[in-house]
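K.L.:
Just passing along the structure, written as structure tokens.
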Amino acid sequence: METWKSTIGRVSFINCDPLFHGLGTEWNILSAPPSWLTGHLLRNDCLMAPIPAADFADNCDELMLIPDIGISSRGEVGSVLLFGDRKIEEMRDVAIPSDSSTSVRLLKYLLTVQGCDPRLVLMGPDLDTMLNRCDGALLIGDRALNAAREYPERVRMDLGRSWKDYTGDSMVFGVFAARKDTPLATLKLAHRALLERLDQFENDASVRSEVIESSAEKTGQSHQRIQRYFGEVINRLESDDIEGLEKFLESVCGMTSIPARAW
């Protein structure tokens, strides 16, 4: 088998750990920031990968959605956060990272509906550097989790919560996708392998404990925080999550029709 057909992309944050912890050695893992995975997928470096929902919208002619799994929240997400030392409506500029297009596009949308229009400045994802130059700073993933632990007073917006408050819907930050020319039989094997890991995480207390222990060690977060986090970030997509995804793709990304899932 060609290497890419046995390679699954994954986000290099703990938000995918329930899907990948203990995955069989027959699968290679390509770990990268969310937006980087989009490029890997388009270049055929991997079979499928979780990519920013906004990137899927931009590349839907070439990609198809994988059902059942993703990276979503049904309220607070805990790891897509706007930080700052002043109120949002007083921010003149906001530093944004380059590693997730969904969070940036969502932030622009949420600021607009709140009547705010700060200048957005692309920067590396380091909170101190970002806030030295700008009034606000957007961080995602493990960096956001860690910054919130260190500077809780600086958290100005949880984007998952704000989307839920404004729309009433779940927010799907990442979708699993594959190229349209990918063999479905091979895709289904990878899909089943990830779902099996997620089933284990959800239903086997010892596996869940292993994942929490591993994720806490990676991030330096407490076991209690990781336990709570895996209730904030959701990897199994239900019908309500799909409705939220469709609203995001239509309202924020401008898609006029939502492509069917791969099967």
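The values are calculated or read from the model by the stated rules, or taken from the named source; none is laboratory data. Source: prediction; values computed, not measured. Backbone-built Cβ (ideal geometry, glycine too); neighbour counts: all protein chains shown.
K.L.:
Looking at (1) charged (D, E, K, R); (2) at pLDDT below 95; (3) buried (at least 18 other Cβ atoms within 10 Å of the Cβ), which is the one condition that is false for ASP55?
P.N.:
If we test ASP55 against (1) charged (D, E, K, R); (2) at pLDDT below 95; (3) buried (at least 18 other Cβ atoms within 10 Å of the Cβ), just (2) comes out false.
K.L.:
Next up: I'd like to check which strands (runs of 3 or more DSSP E) are fully inside region 1-55 and have at least 2 residues that are aliphatic (A, V, I, L, M) and farther than 16 Å from ARG197 by Cα.
P.N.:
Result: 28-32.
K.L.:
Related question: Here is a check on your reading of the model: is LEU131 aliphatic (A, V, I, L, M), within 23 Å of TYR229 (Cα to Cα) and either crowded, with 16+ Cβ neighbours inside 10 Å or in contact (Cβ under 8 Å) with a residue 60 or more places away in the chain (or both)?
P.N.:
Taking the combined requirement at face value, the residue does not satisfy it.
To keep it simple, each residue is scored yes or no on (1) of a type in the set (S, T, N, Q); (2) in contact (Cβ under 8 Å) with a residue 24 or more places away in the chain; (3) out of contact with any helix residue (DSSP H, G or I) (no Cβ under 6 Å at 6 or more places or on another chain); (4) closer than 24 Å to LEU30 by Cα.
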residue: PHE176; (1), (2), (3), (4): no, yes, yes, yes
residue: ARG179; (1), (2), (3), (4): no, yes, yes, yes
residue: PHE201; (1), (2), (3), (4): no, yes, no, yes
residue: SER214; (1), (2), (3), (4): yes, yes, yes, yes
residue: ARG228; (1), (2), (3), (4): no, yes, yes, no
residue: GLU232; (1), (2), (3), (4): no, yes, yes, no
residue: GLY244; (1), (2), (3), (4): no, yes, yes, no
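K.L.:
Is it fair to say ILE14 is at pLDDT 95 or above and surrounded by fewer than 18 Cβ atoms within 10 Å (Cβ to Cβ)?
P.N.:
Judged against the criteria, ILE14 is not a match.
Conditions tested, residue by residue: (1) closer than 30 Å to PHE176 by Cα; (2) among the polar types (S, T, N, Q); (3) out of contact with any Leu (no Cβ under 8 Å at 6 or more places or on another chain).
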{"site": "LEU82", "(1), (2), (3)": "yes, no, no"}
{"site": "LYS87", "(1), (2), (3)": "no, no, yes"}
{"site": "ARG92", "(1), (2), (3)": "no, no, yes"}
{"site": "SER98", "(1), (2), (3)": "yes, yes, no"}
{"site": "THR102", "(1), (2), (3)": "yes, yes, yes"}
{"site": "ARG105", "(1), (2), (3)": "yes, no, yes"}
{"site": "VAL113", "(1), (2), (3)": "yes, no, yes"}
{"site": "ARG119", "(1), (2), (3)": "no, no, yes"}
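K.L.:
I'd like the residue in region 239-263 that is touching a strand residue (DSSP E or B) at 6+ places or on another chain (Cβ under 9 Å) and assigned to a loop (DSSP other than H, G, I, E, B) and, out of all such residues, is modelled with the lowest pLDDT.
P.N.:
ALA260
K.L.:
What are the residues in region 154-205 that are in the same structural domain as GLY136 (by TED's automatic domain parsing), surrounded by fewer than 19 Cβ atoms within 10 Å (Cβ to Cβ) and of a type in the set (A, V, I, L, M), if any?
P.N.:
The one that is in the same structural domain as GLY136 (by TED's automatic domain parsing), surrounded by fewer than 19 Cβ atoms within 10 Å (Cβ to Cβ) and of a type in the set (A, V, I, L, M): VAL155.
K.L.:
Name the residue that is nearest to ALA190 (Cα to Cα), counting only residues in region 60-105 that are assigned to a strand (DSSP E or B), within 14 Å of the chain's Cα centre (by Cα) and of a type in the set (Gly, Ala, Ser).
P.N.:
Once the filter is applied, the top-ranked residue is GLY70.
K.L.:
Of the residues that make up region 100-109, is at least one closer than 25 Å to VAL233 by Cβ, basic (Lys, Arg) and touching a helix residue (DSSP H, G or I) at 6+ places or on another chain (Cβ under 6 Å)?
P.N.:
yes
K.L.:
Something else about it: Going residue by residue through region 204-218, is there one that turns out to be closer than 25 Å to GLU246 by Cβ, among the aliphatic types (A, V, I, L, M), out of contact with any Asp or Glu (no Cβ under 7 Å at 6 or more places or on another chain) and in a helix (DSSP H, G or I)?
P.N.:
No: zero hits.
K.L.:
Next question. Consider only pairs whose beta carbons are under 8 Å apart and that are at least six residues apart or on different chains; among these, list those whose first residue lies in region 1-25 and is small (Gly, Ala, Ser) and whose second residue is buried (at least 20 other Cβ atoms within 10 Å of the Cβ) and in a helix (DSSP H, G or I).
P.N.:
From region 1-25, the pairs are GLY9/LEU37; GLY9/LEU41; SER12/GLY141; GLY22/ARG197.
K.L.:
Then there's this: Among the residues in region 101-123, are any touching an Asp or Glu at 6+ places or on another chain (Cβ under 9 Å), in contact (Cβ under 8 Å) with a residue 40 or more places away in the chain and not small (Gly, Ala, Ser)?
P.N.:
Yes, there is a match, as at least one residue in region 101-123 is touching an Asp or Glu at 6+ places or on another chain (Cβ under 9 Å), in contact (Cβ under 8 Å) with a residue 40 or more places away in the chain and not small (Gly, Ala, Ser).
K.L.:
If you take the residues in region 69-106 that are surrounded by 16 or more Cβ atoms within 10 Å (Cβ to Cβ) and among the acidic types (Asp, Glu), which one is modelled with the lowest pLDDT?
P.N.:
The qualifying residue modelled with the lowest pLDDT is ASP99.
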